[in-house]
Amino acid sequence: MSLLHNTNSLLLHFIEMNFPIFSSYKFEHQNLHSYYFLWDEELPYFPVYLARKYHNIHHGITFVRRTKNHYDMIAFGMPEERSNAASYYITRLKAMEEFINHFDFSNKDLLMTMEQNPIALPDIQRDKNYQELCLQGLQNRFSVTGKFGATYITPQELACLKLLLQGYSYKEAGLQLTLSPRTIETYVLRVKARTGITQRGEFNKLLSFCP
């Protein structure tokens, strides 16, 4: 696990208790490249209770992004009680997604440093869904909506697009994925032809958590 956070008390509490990291993964997520879940609705009671009682994190939402060999979980928590927490998050999905995209683009070096310094977790603390969330099979296709309507992208194309959206050049993306710059360019051209999207900045809409 590689980690960026602005408070580590809850994670340390989990580690001290030999408690696993939790995500939510369901059958309907199988063909999605990204999705989100609300803690109160999807996670077991105990970790949510622990966050509230000892760490002043009363509610939360997590965005999940899947790739071939890893997945990202980006979590937002609320340090106050709210009777309408779900509504609060749902009405702000786009704003949180825009923050995530801006953070990716503005902090490429920080994210690279994080990925190069992973934490080795024992099996007991691993997310129970980690094998399903990683997209090992290149046969997967993910439905997206382009200018021509419904179409698809592949896991490898997805990996290329995400790096380009973070500000990587074709050459830099190729080094990250062990591919040639020409191969990266070919993947991007295929996506453009399939979706009708021609501007790099428009790919954020293609990979949106919130259609």
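Within segment 50-67, list the residues whose amide N lies under 16 Å from a label point set 7 Å along Cα→Cβ of Arg82.
Under 16 Å, as judged by backbone N against the label point of Arg82, lie 52, 56-63 of segment 50-67.
Size of segment 142-206 along its principal axes in angstrom, Cα-based, largest extent first?
Ordered largest first, segment 142-206 gives principal extents of 32, 18, 16 Å.
What is the order of Glu42, Glu81, fewest Cβ neighbours within 10 Å to most? Before the final figure, lay out the partial values.
Values: Glu42 16, Glu81 9.
Ranking Glu42, Glu81 by Cβ neighbours within 10 Å, fewest first, gives Glu81, Glu42.
Provide the FRET efficiency to the nearest 0.05 for the Asp123-Ser143 pair, computing r from the beta carbons and using R0 = 22 Å.
Values: r = 33 Å, r/R0 = 1.51.
According to the calculation, E is roughly 0.10.
Taking the Cα centre of the chain as origin and charging only Cβ (+1 Lys, Arg; -1 Asp, Glu), how large is the dipole, in debye to the nearest 20?
Numbers: 22 positive and 20 negative charges, 154 e Å.
Computed charge dipole of the chain: roughly 740 debye.
Straight-line reach from Lys205: which lysines have a Cα under 23 Å away, not including same-chain ones fewer than 8 places off?
Excluding near neighbours in sequence, the set is Lys68, Lys94, Lys108, Lys147, Lys162, Lys192.
Taking the Cα atoms only, what angle lies between the long axis of helix 93-106 and the longest principal axis of the chain, rounded to 10 degrees?
Orientation of helix 93-106: about 70 degrees from the principal axis.
Give the relative contact order (percent, whole number) for the chain; include only Cα pairs under 8 Å separated by 6+ residues. Don't skip to the end; give the middle numbers.
Values: 263 pairs, mean separation 49.3, N = 211.
It comes to 23 percent, rounded to a whole number.
Note the angle between two axes, namely the Cα long axis of helix 45-55 and the longest principal axis of the Cα atoms of the chain, as a number of degrees from 0 to 90, rounded to the nearest 10.
Helix 45-55 sits roughly 70 degrees off the main axis of the chain.
What whole-number distance in Å separates the alpha-carbon centres of segment 141-211 and segment 49-117?
23
Helix 155-165 versus the longest principal axis of the chain: what is the Cα-based angle in degrees, 0 to 90, to the nearest 10?
The answer is roughly 80 degrees.
Just want the answer: with Cβ charges of +1 for Lys and Arg and -1 for Asp and Glu, which residue in Pro20, Tyr45, Met73 is farthest toward the dipole's positive end in segment 1-142?
So the residue furthest toward the plus end is Met73.
I need Thr151, Thr7 ordered by Cβ neighbour count within 10 Å, fewest first.
Details: Thr151 18, Thr7 12.
If I rank by nearby Cβ atoms, fewest first, I get Thr7, Thr151.
Gaussian network model of the chain, Cα springs within a sub-10 Å range: biggest mean-square fluctuation belongs to which of Phe63, Phe27, Phe103?
Phe27
Taken together, the values in this text are just the output of simple stated rules run on the coordinates, not laboratory data. Here the structure is a predicted model, which is why all the values come from computation and not from measurement. Cβ: placed from backbone, ideal geometry, glycine included. Neighbour counts: every protein chain shown.
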